[in-house]
Amino acid sequence: MKEASFYEKLEGEKVRCLVCNHRCLIKSGARGICGVRENRGGTLISLVYRKIIARHCDPIEKKPLFHFLPGTSSYSVATVGCNFRCTFCQNADISQMPSDRNRIMGEDMTPEEIIGLALNCRAASISYTYTEPTIYFETALETAQAAVARGLKNVFVSNGYMTRDCLEAIHPNLHAANVDLKSFSDRFYKEQCGARLKPVLNTIGVMREMGIVGSNHASDPRVERFTGRTQGPGPFPGRHRPRHPLAYQSVSPHLPACGPACDAGRDHPAGQGPRL
């Protein structure tokens, strides 16, 4: 455990977490929406600091990133917890573990150990993925800083709900990101994810400003609105629309595997992106 980053102390031993756009007001003894940041007597504690629940060496295209270090491997890590409650989550067994089972599990691992495993599998990058990297920000930041010193790049696979302050802290060491734009409907975000749309769109804009290479994938038929709104100069050369199988509490049918998002990315075929 470790004192969390990005929070403010308030009267009556309350704190306000500022790592993501929920900006949870947390009483002493309670946790934020993510279930892994707990107020202990007026001090916000990360319960998942260096507690890795999942790790694997993946193709970078699995993130999915087709325009960043194509053909390389990315060492992927995660802790339990998430600041969304997506009814269709494919990794709900770990993302919702603190909420559904009131359990915090994971293997204690230092940044040096993670980096060593990444180098052993000849990865070119480390991906913070499977759950939401924002909620294990302290671990991600320390690992990302140390990884750069060893010649590795860093990737976030994220729901895009982090605050700008959070992004500014990590962005010198964050080279690519895939922001999962789940819908262009604020109602969908509220009902299916327990969040709001606007902060996600703001994050995509901020990442473009910062020059973070990446792609966004949408799971909504109105994805053509997304492709129109985000065209123009910037480091997001493609949009990818993966197929989401039914999972967790989902009762919706499969969404099409591709569509206008694929058309929008044809100027940058997979495997022809820049090697950074």
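The numbers here are math on the coordinates, done by the rules we state, and not lab data. Please read all numbers here as calculations on a predicted model, not as lab measurements. Methodologically, a virtual Cβ is constructed for each residue, glycine included, from the backbone with ideal geometry; neighbour enumeration extends over all protein chains shown.
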*Any chance you could check the Cα centroid distance between the stretch 1-59 and the stretch 93-121 for me, in angstrom?*
16 Å
*Fewest-first sequence of Val19, Val179 by Cβ atoms within 10 Å of each Cβ*: Val179, Val19
*asked:* Going by amide H atoms built from the backbone, whose H comes under 5 Å of the H on Arg40, apart from near neighbours?
replied: Gly29, Ile45
_Can you sort Arg37, Arg187, Arg55 from fewest to most other Cβ atoms within 10 Å of each residue's own Cβ?_
Arg187, Arg55, Arg37
_Qualifying GluC sites (Glu not before Pro) for the stretch 1-103 [loop in DSSP, other Cβ within 10 Å: at most 14]_ = none
_Whether the stretch 1-137 is rounded, prolate or oblate, judged on the alpha carbon gyration tensor where a/c under 1.5 counts as rounded_ = prolate
*Spatially proximal lysines relative to Lys62 (Cα-Cα < 27 Å; intrachain offsets below 8 disregarded)*: Lys51, Lys153, Lys182, Lys198
*Note down the nm distance, to one decimal, between modelled labels 7 Å out along Cα→Cβ at Asp165 and at Asp186.*
2.4 nm
_Anisotropy class of the stretch 2-46 from Cα gyration tensor, a/c 1.5 cut_ = rounded
*Please compute the net charge surrounding Met105, taking Lys and Arg as +1 and Asp and Glu as -1 over other residues with Cβ under 14 Å from its Cβ.*
+1
*List Tyr136, Tyr128 from most exposed to least, where exposure is judged by having the fewest other Cβ atoms within 10 Å.*
Tyr128, Tyr136
